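Asks: Just passing along the structure, written as structure tokens.
The values are calculated or read from the model by the stated rules, or taken from the named source; none is laboratory data. Model, not experiment: these values are computed from the prediction. A quick note on method: Cβ atoms are made from the backbone with ideal geometry, for glycine too, and the neighbour counts reach across all protein chains shown.
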Ligand code: ATP
Ligand code: MG
């Protein structure tokens, strides 16, 4: 991508009403546009990050044999009435609207009930099980407070997955597999070491559900951490957990976190509420076992910004950076332009994602933009580097630059690709 071809520009300021660091930086860098509190448009650079996060999640969900689909945002009232969750007193974040003929419909804040409803058409016998389905969907939630930037949207992107099983053992097994898949996701996003599988209040069926809580100063949640035993518990269940897990309360450390994902074991409750049964091996009607598993895709982007950004701007792990290289051309001399064009063309042809700052701007402006945008490696081509037949490289996470030849540049790029 050539900078001259990108419609967004960086800015020194963010909207005055934007208090969250993640949104301030993402807006200034041109990754997102704020439509209103809790509603952000994803611009070309932001969209690339979102798509890379989704692709990591997609690979890990496919690896546990889940099928991707996309449900609708418009939802029927009758389905949610079956479980009592159409009621605003029970679910207080609904956006509801009406069709032209005055039929009431809801905008999806979750797809638990609609997906169970849908499976009436597809699951009849034990032979149809197990089934795991997932989607990336824009969820609509009328959140009371939306002050955490993209970490709490009124419209946000979630990966939600639902699994359906003939037996409790099969669900329990899949639930555990999902925990492992989630750990791989957070590792690949670069926040694995700070993300804890956290005991939280129920599952309909089990005593605890599990949240994936990522340590983050800007977080809205608090967990209690037993570092020695690697156990984390949510605020709401501390007393219960201390009893059940046999840990000492005074050994727990209180830390601020963001819930980046969570998983629930519904047991057979939803089956029974919504009448979704199957015929078991003995020809008898039996209840389905259901699990539900979420990951906040746009929230993950916000958490990564909060945790990794520095005072100069965004810092992306190579896995999800929109581009790997910020190629800054300094000067407009023919030989400089030719050398920079050539490097851009060759790296791009080799599959390296290069953002080429080909604008006629001062070095200071380009370096400030390179820092704000946060791509892993800055490469400078100038009259000076051309004289020496080298390139000047600097990692975003470091302050010193170095002069390297083409072979060294390639080996640095390889390292980044494998990181
Ligand atoms: P929270 O307690 O933060 O409101 P939740 O319990 O409502 O989250 P779920 O309904 O289980 O969350 O949604 C699954 C995942 O979607 C969450 O773990 C979180 O990562 C993400 N998520 C939930 N609400 C939002 C939101 N308003 N904006 C962005 N991401 C969200
Ligand atoms: Mg919520």
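Asks: Of all the residues that make up the stretch 51-83, how many are out of contact with any helix residue (DSSP H, G or I) (no Cβ under 8 Å at 6 or more places or on another chain) and over 23 Å from residue 178 (Cβ atoms)?
Replies: Residues of the stretch 51-83 that are out of contact with any helix residue (DSSP H, G or I) (no Cβ under 8 Å at 6 or more places or on another chain), as a first pass: 51-52, 55, 58-59, 62, 65-67, 69-70, 73-74, 77-78, 81.
Restricting the remaining residues to those that are over 23 Å from residue 178 (Cβ atoms) gives 73-74, 77-78, 81.
Here the count works out to 5.
Asks: Sticking with this one: Determine whether the stretch 222-232 contains at least one residue that is buried (at least 18 other Cβ atoms within 10 Å of the Cβ), more than 27 Å from residue 161 (Cβ to Cβ), away from ligand 1 (no atom under 16 Å from the Cβ) and at pLDDT 95 or above.
Replies: Yes, there is a match, as at least one residue in the stretch 222-232 is buried (at least 18 other Cβ atoms within 10 Å of the Cβ), more than 27 Å from residue 161 (Cβ to Cβ), away from ligand 1 (no atom under 16 Å from the Cβ) and at pLDDT 95 or above.
Asks: Which one is modelled with the lowest pLDDT among residues in the stretch 206-217 that are surrounded by fewer than 18 Cβ atoms within 10 Å (Cβ to Cβ) and in contact with a helix residue (DSSP H, G or I) (Cβ under 8 Å, 6 or more places away or on another chain)?
Replies: Here is the first cut: in the stretch 206-217, the ones surrounded by fewer than 18 Cβ atoms within 10 Å (Cβ to Cβ) are 206-207, 217.
Filter again for in contact with a helix residue (DSSP H, G or I) (Cβ under 8 Å, 6 or more places away or on another chain), leaving 207, 217.
On the way: 207: 77, 217: 97.
Here the residue is 207.
Asks: Any idea how many residues of the stretch 189-208 are over 20 Å from the mean Cα position of the chain (by Cα) and within 16 Å of ligand 2 (Cβ to nearest atom)?
Replies: 3
Asks: Please work out if residue 139 is within 16 Å of ligand 2 (Cβ to nearest atom), assigned by TED's automatic domain parsing to the domain that holds residue 285 and out of contact with any strand residue (DSSP E or B) (no Cβ under 9 Å at 6 or more places or on another chain).
Replies: Answer is no for this residue.
Asks: Next question, about the same structure. Among the candidates 163, 132, 125, which residue alone is in the same structural domain as residue 34 (by TED's automatic domain parsing) and surrounded by 22 or more Cβ atoms within 10 Å (Cβ to Cβ)? Working first, answer last.
Replies: Values: 132 fails: surrounded by 22 or more Cβ atoms within 10 Å (Cβ to Cβ); 125 fails: surrounded by 22 or more Cβ atoms within 10 Å (Cβ to Cβ).
None of the others qualify; the one that does is 163.
Asks: Which residue, of 399, 419, 411, is at pLDDT below 95, over 27 Å from the mean Cα position of the chain (by Cα) and loosely packed, with under 14 Cβ neighbours inside 10 Å?
Replies: Details: 419 fails: over 27 Å from the mean Cα position of the chain (by Cα); 411 fails: at pLDDT below 95.
Answer to the check: 399.
Asks: Going by the structure shown, is residue 323 modelled with pLDDT of 95 or more, in contact with a strand residue (DSSP E or B) (Cβ under 8 Å, 6 or more places away or on another chain) and surrounded by 22 or more Cβ atoms within 10 Å (Cβ to Cβ)?
Replies: Details: modelled with pLDDT of 95 or more: yes; in contact with a strand residue (DSSP E or B) (Cβ under 8 Å, 6 or more places away or on another chain): yes; surrounded by 22 or more Cβ atoms within 10 Å (Cβ to Cβ): no.
It is false that residue 323 is modelled with pLDDT of 95 or more, in contact with a strand residue (DSSP E or B) (Cβ under 8 Å, 6 or more places away or on another chain) and surrounded by 22 or more Cβ atoms within 10 Å (Cβ to Cβ).
Asks: Then there is this: Tell me the strands (runs of 3 or more DSSP E) entirely within the stretch 1-82 that contain at least 1 residues that are without any contact (Cβ under 8 Å) to a residue 24 or more places away in the chain and farther than 30 Å from residue 114 by Cα.
Replies: The strands (runs of 3 or more DSSP E) meeting that bar are 32-36.
Asks: Now for a separate question. If a residue has to be surrounded by 12 or more Cβ atoms within 10 Å (Cβ to Cβ) and within 16 Å of ligand 2 (Cβ to nearest atom) to count, how many in the stretch 62-104 make the cut?
Replies: Number of matching residues: 5.
Asks: So is residue 150 in contact with a strand residue (DSSP E or B) (Cβ under 8 Å, 6 or more places away or on another chain) and away from ligand 2 (no atom under 16 Å from the Cβ) or not?
Replies: When the stated conditions are applied, residue 150 does not pass them.
Asks: From 350, 318, 370, grab the single residue that is closer than 29 Å to residue 189 by Cα, without any contact (Cβ under 8 Å) to a residue 24 or more places away in the chain and outside the structural domain of residue 146 (by TED's automatic domain parsing).
Replies: Working: 318 fails: without any contact (Cβ under 8 Å) to a residue 24 or more places away in the chain; 370 fails: without any contact (Cβ under 8 Å) to a residue 24 or more places away in the chain.
Step by step, each of 350, 318, 370 is checked, and only 350 is closer than 29 Å to residue 189 by Cα, without any contact (Cβ under 8 Å) to a residue 24 or more places away in the chain and outside the structural domain of residue 146 (by TED's automatic domain parsing).
Asks: Strands (runs of 3 or more DSSP E) wholly in the stretch 219-327 with at least 1 residues that are within 16 Å of ligand 2 (Cβ to nearest atom) and out of contact with any helix residue (DSSP H, G or I) (no Cβ under 9 Å at 6 or more places or on another chain) - which ones?
Replies: 253-267, 289-296
Asks: Oh, and also: Just one of the numbered conditions (1) without any contact (Cβ under 8 Å) to a residue 40 or more places away in the chain; (2) surrounded by 24 or more Cβ atoms within 10 Å (Cβ to Cβ) is not true of residue 311; which one?
Replies: The number of the failed condition is (2).
Asks: Which of the residues spanning the stretch 360-392 are in a helix (DSSP H, G or I), more than 32 Å from the chain's Cα centre (by Cα) and under 30 Å from residue 21 (Cα atoms)? If you could, list the steps in order and put the result at the bottom.
Replies: Of the stretch 360-392, the ones in a helix (DSSP H, G or I) are 363-373, 383-388.
If we keep only those that are more than 32 Å from the chain's Cα centre (by Cα) too, we end up with 363-364, 383-388.
Answer for the stretch 360-392, where residues must be in a helix (DSSP H, G or I), more than 32 Å from the chain's Cα centre (by Cα) and under 30 Å from residue 21 (Cα atoms): 363, 364.
Asks: Does the stretch 355-394 hold any residues that are more than 18 Å from residue 29 (Cα to Cα) and crowded, with 16+ Cβ neighbours inside 10 Å, and which are they?
Replies: 379, 380, 381, 382, 385, 386, 390, 391, 392, 393, 394
Asks: Ok, one more. Looking at 122, 182, 174, can you tell me which residue is under 25 Å from residue 75 (Cα atoms) and either in contact with a helix residue (DSSP H, G or I) (Cβ under 7 Å, 6 or more places away or on another chain) or away from ligand 2 (no atom under 14 Å from the Cβ) (or both)?
Replies: Exactly one residue qualifies, and that residue is 122.
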